[in-house]
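None of the figures in this text is laboratory data; all of them are computed from the coordinates on show. This is a predicted model, so every value here is computed, not measured. Every residue, glycine among them, receives a Cβ derived from its backbone with ideal geometry; neighbour counts consider all protein chains shown.
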Amino acid sequence: MVIGVGPREAFLERIRHGGLVLSPELAAAFAEVPREVFVPDGFQRRDGTWAKPADPDFLDLVYDDDVLITKVDGRTPVSSSSQPSLMALMIEALDVRPGLTVLEIGAGTGYNAALLARLGATVISVDVQEDVADRARFALARAGVEGVRVVHGDGYEGPGVRVDRVIVTVGVAGVSPRWLEQLGDVPGGVLVAPVEHAGTHPVLRITPDLRARVVTASGFMTAAGPLTAAHQFPAPAPPRTLRKLVPYAGSRFNPPLEPLAYRDLWYAAGVWHRRATYAAVPRREQNALMLLDEKRTGGAFVLPDGSVLAGGDEADRYAADATRIIDRWLEAARPPMQAWRITLEPGGDPDAPILLPASWSLTSG
């Protein structure tokens with residue numbers, strides 16, 4: 001089953017927007033795997049309404065470069081089809097080749113597994129939600145995709161068999177050592193996962209020696225169980241708890257930082273300050289870098305223009321920390337997040353440990 005030439009070409013161009021380079025094999029996979037087959041019950045639009053297959057805009061939305069929320073718990077999204085350009089970056093970092101076995105943690109709609117299978121991989125996809133696993137399995141069958149086995153089970157444990165690659169499609173605090181055990185000493189073995197850092201989930205490319213680099217910024221739904229064990233970064237602050245904010249420092253960047261550069265500053269802040277996270281600035285920013293105080297009622301915001309707002313009992317201290325972070329980032333020549341090299345170490349629950357980012361260094365390579 002192949003979508004029409006017009007939508008196919010437009011879809012690929014949307015994925016490539018911003019300079020993303022697709023290998024010919026991955027471009028063919030995106031062109032040939034019908035994304036609409038994997039969302040037969042529809043998905044949530046950006047305005048909160050539900051898009052259904054009979055709606056006039058359904059295919060236009062399906063073939064946009066956007067996440068498709070397919071399951072919600074109240075108002076909380078709990079399953080989706082990820083943004084295609086993000087999927088592309090993660091798959092390219094995985095270095096998939098025909099004949100490899102890929103462990104996928106988080107089945108979602110099954111679409112990502114279908115792309116991996118189109119690249120010639122055998123895929124074992126594990127999802128903790130039984131209904132999500134069932135729907136992914138049925139969608140793969142409807143699309144005629146072979147070589148994918150969807151398993152309802154605990155993603156932390158994995159399938160217990162040797163694999164060549166591991167890809168994680170849900171946000172985690174750290175990676176399961178079980179995945180690396182199953183990866184073993186496979187030549188070129190790699191694990192790609194969105195690992196929490198400063199309230200976001202930058203995607204890491206991790207090798208069996210527990211070293212990693214950043215692939216791209218991202219935001220993912222959070223996994224359940226030991227993969228979300230306590231770690232050194234605070235969770236985002238509910239905006240209602242924040243004390244009144246006042247300006248502490250004026251604009252430093254004119255024009256303001258572009259989104260990617262702002263994410264680079266944000267990543268550095270997470271390396272240099274354990275209280276870095278995100279929160280909404282009332283009436284200003286929906287998603288901003290914040291240094292959250294221990295009481296979780298104040299701290300300091302760093303906005304894209306470099307200005308600093310602060311509030312709470314320790315406003316002066318956190319505003320000074322925020323200013324020093326900006327200075328340090330500028331002195332380091334505005335390093336992109338991809339310039340950081342990370343080492344992972346065991347942490348989390350001793351009975352179900354995870355491997356957490358523990359040290360960082362900057363490289364010019």
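Quick notes on this structure:
- Dividing the radius of gyration of the alpha carbons in the stretch 239-331 by their Kirkwood radius gives 0.92 for Rg/Rh.
- For the pair the stretch 14-38 / the stretch 311-365, the C-alpha centres are spaced 33 Å from each other.
- If the segment from VAL246 to VAL78 were pulled out straight at 0.36 nm per residue, it would be longer than the present Cα-Cα gap by 56.9 nm.
- Unit charges at the beta carbon, dipole of the chain: most positive-side option, GLY171, VAL78, PRO282: PRO282
- Neighbourhood charge, 9 Å Cβ-Cβ cut-off, centred on LEU116 and excluding it, Lys, Arg +1 and Asp, Glu -1: +1
- Beta bridge orientation in the chain: antiparallel %, DSSP, nearest 5: 70
- Normalised by residue number, the volume inside the convex hull of the Cα atoms of the chain is 147 Å³ per residue.
- Note on the stretch 239-331: dipole from Cβ charges, positive end direction compared against SER307, TYR262, PRO247; the farthest Cα belongs to PRO247.
- Put a plus charge on the Cβ of each Lys and Arg, a minus charge on the Cβ of each Asp and Glu, and nothing anywhere else: the dipole of the stretch 239-331 about its Cα centre is then about 340 debye.
- Taking each DSSP H run with n ≥ 4 as -39500 (n - 2.57) and averaging over every residue of the chain yields -8000 deg cm²/dmol at 222 nm.
- If only the Cβ of Lys and Arg carry +1 and only the Cβ of Asp and Glu carry -1, the dipole of the chain around its Cα centre is close to 680 debye.
- Listed residues TRP360, GLY158, THR101: farthest to the positive end of the dipole of the chain (Cβ charges): TRP360
- For the stretch 209-365, the share of alpha carbon pairs falling in successive 10 Å distance bins from zero is 10, 38, 35, 16, 1 percent.
- Bridging of LYS295 to lysines at a Cα separation below 19 Å is possible for LYS244, once same-chain residues fewer than 8 apart are set aside.
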